[in-house]
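What follows is a short report on a single structure.
The values are calculated or read from the model by the stated rules, or taken from the named source; none is laboratory data. Bear in mind the structure is a predicted one, so any value in this text is a computation, not a measurement. As a convention, Cβ positions derive from the backbone with ideal geometry for all residues, glycine included, and neighbour counts pool all protein chains shown. Just the protein is used for accessible areas: all its heavy atoms, side chains included, with ligands, DNA and RNA removed. Shrake-Rupley method; radii C 1.70, N 1.55, O 1.52, S 1.80 Å.
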Amino acid sequence: MRSRTQRSAIGIVILLFSASMFATAQTPLRDLSRVRYPRIEGLGGAHPTLIGDLSVVQTNPAGLRSDDTTTQFATLGANVTGPVFSLASLLISAADDPADVLESDEALDFLRNITAISDTAGPIGFGYTGGGVGYSVHNALGTSLTAPRSGTLRYTVSQRLVFRGGYAFPLPMPEGSAMNLDAGLLVSAFIQGESGDEFPLIEVADVFDDIGPGLVLDAPFALRSGFGLNLGLLWSYADTVAVGLVGENVYAPAVETEYESVTAFVDSEGPVSGRTTYLLSPEVHLGARYSVGLGALGRYIDEVDLYASYFDAFDFLTRDNPRNPLIKFAVGSEIRLLEIMRLRLAFSEGLPSAGFGLRLGVVDVNGAVYGRELSSEPGLRSVYNVGFSIDIRR
């Protein structure tokens, strides 16, 4: 007869795996309840076995039992995707004569397939983990300029507020065992307002010449909100080996309402169409962690953790265009030195990543440079990103 521990674990696993089979929609809304942490990006993604600070609320709710008490009061961070700095340089050079600069063949070739995205987090960025409980609240300001189709540019400006809160509890194990098995659940919620519009590439000089508040206030406006239920399991042995399983967006309804403009929304005018509702597709992630025994090297290196994960394992059931399995696999490593420094290396989505972390009293500084694949096949639409954050914690 199975023990209570086995029945509990099997029940959660069945729920996680079966959830991936009943998705009704796949939309960009799936990313709005996530917050970019440079530590996570430098390690190749949200590994289900990644614990150790507030980023655990983005990875596996079962990991909340494994963390020391942490309180974060504020954050200031930025994440840049694509040639944002080159774009800024181009726009600065076009300030005096937009037509001459932006209508040149060189500028048009640069803008034709552009994907430039900036996401700035803070100053709201507070949270807490301890005693199996954890939560975080973040705001993020996003801007983007992309080429959704040939000869067309799209700009967006958005403001987003994200809440994530969860609870973890132990499942019973044999007395005296070096093994631990924890389960957790987490609720995420978001609300976002986004203003943006599309225009022909050949009109880029005219749009730049008319730049001002009206470019945002008079553009079509979308209000989005939703929440999601996430479940997780985390098994560990003697603080050396760990295996994690996460079901993200097991149940995740979302709503989108479109208005004629920001001004129309503020003036309480009705939407241009009825609300659109979604049920976001679940994702199942599986990962492992190994803490390397250092022996004599322990004099110089505090800790080395190795990670390997497979993300969104059942996307062939939930996506119209499932991703290549090579893109879904990630490996990473984190080395802690001198108690305050962390170095990170990873390979994820077929691209390398690297990052660092410094713990300077109540201030944490983290940075990452990482690649991401925007298509479903390796190397077709790769972009590189830069992330940086300063967190005030205790």
Which residue out of Ser150, Ser118 is more than 22 Å from Glu248 (Cα to Cα) and surrounded by 17 or more Cβ atoms within 10 Å (Cβ to Cβ)? Ser118
Hey, could you check the range 12-60 for residues that are β-branched (Val, Ile, Thr), at pLDDT 50 or above and not in a helix (DSSP H, G or I) and say which is surrounded by the most Cβ atoms within 10 Å (Cβ to Cβ)? Thr59
I'd like to know if the range 267-284 contains one or more residues that are acidic (Asp, Glu), farther than 28 Å from Asp53 by Cα, touching a strand residue (DSSP E or B) at 6+ places or on another chain (Cβ under 9 Å) and open to solvent by 50 Å² or more (accessible area, probe 1.4 Å). yes
Within the range 286-303, count every residue that is under 20 Å from Tyr237 (Cα atoms) and either assigned to a helix (DSSP H, G or I) or touching a strand residue (DSSP E or B) at 6+ places or on another chain (Cβ under 7 Å) (or both). 11
Show the residue pairs that are 6+ apart or on different chains and have beta-carbon atoms under 6 Å apart, the first residue being within the range 296-311 and open to solvent by 40 Å² or more (accessible area, probe 1.4 Å), the second being in a strand (DSSP E or B) and of a type in the set (D, E, K, R). Asp302/Arg336; Glu303/Arg336
Can you tell me which residue in the range 229-253 is farthest from the chain's Cα centre (by Cα), limited to those that are more than 17 Å from Gly287 (Cα to Cα) and either open to solvent by 10 Å² or more (accessible area, probe 1.4 Å) or among the hydroxyl-bearing types (Ser, Thr, Tyr) (or both)? Ala238
I'd like the full set of residues that are surrounded by 15 or more Cβ atoms within 10 Å (Cβ to Cβ) and within 15 Å of the chain's Cα centre (by Cα), limited to the range 126-147. Ser136, Val137, His138, Asn139, Ala140, Gly142
Any hit, the range 343-350, residues being in a strand (DSSP E or B), out of contact with any strand residue (DSSP E or B) (no Cβ under 6 Å at 6 or more places or on another chain) and buried (at least 16 other Cβ atoms within 10 Å of the Cβ): no
Starting from the range 68-89, keep only residues that are open to solvent by 50 Å² or more (accessible area, probe 1.4 Å), then list their pairs with residues that are among the β-branched types (Val, Ile, Thr) and modelled with pLDDT of 85 or more whose Cβ atoms are within a distance under 6 Å, requiring at least 6 positions of separation or different chains. Phe73/Ile392; Leu76/Ile390
Yes or no: the range 162-170 includes at least one residue that is among the hydrophobic types (A, V, I, L, M, F, W, C), within 23 Å of Asp119 (Cβ to Cβ), open to solvent by 10 Å² or more (accessible area, probe 1.4 Å) and under 25 Å from the mean Cα position of the chain (by Cα). yes
Strands (runs of 3 or more DSSP E) completely within the range 179-267 that count 3 or more residues being modelled with pLDDT of 95 or more: 179-200, 221-237, 241-251
Name the residue that is most open to solvent (accessible area, probe 1.4 Å), counting only residues in the range 186-226 that are in contact with a Pro (Cβ under 7 Å, 6 or more places away or on another chain) and hydrophobic (A, V, I, L, M, F, W, C). Phe208
Pick from the range 285-295, criterion free of Cβ contacts under 8 Å to residues at least 60 places away in the same chain and open to solvent by 40 Å² or more (accessible area, probe 1.4 Å), ranking: nearest to Ser33 (Cα to Cα): Tyr290
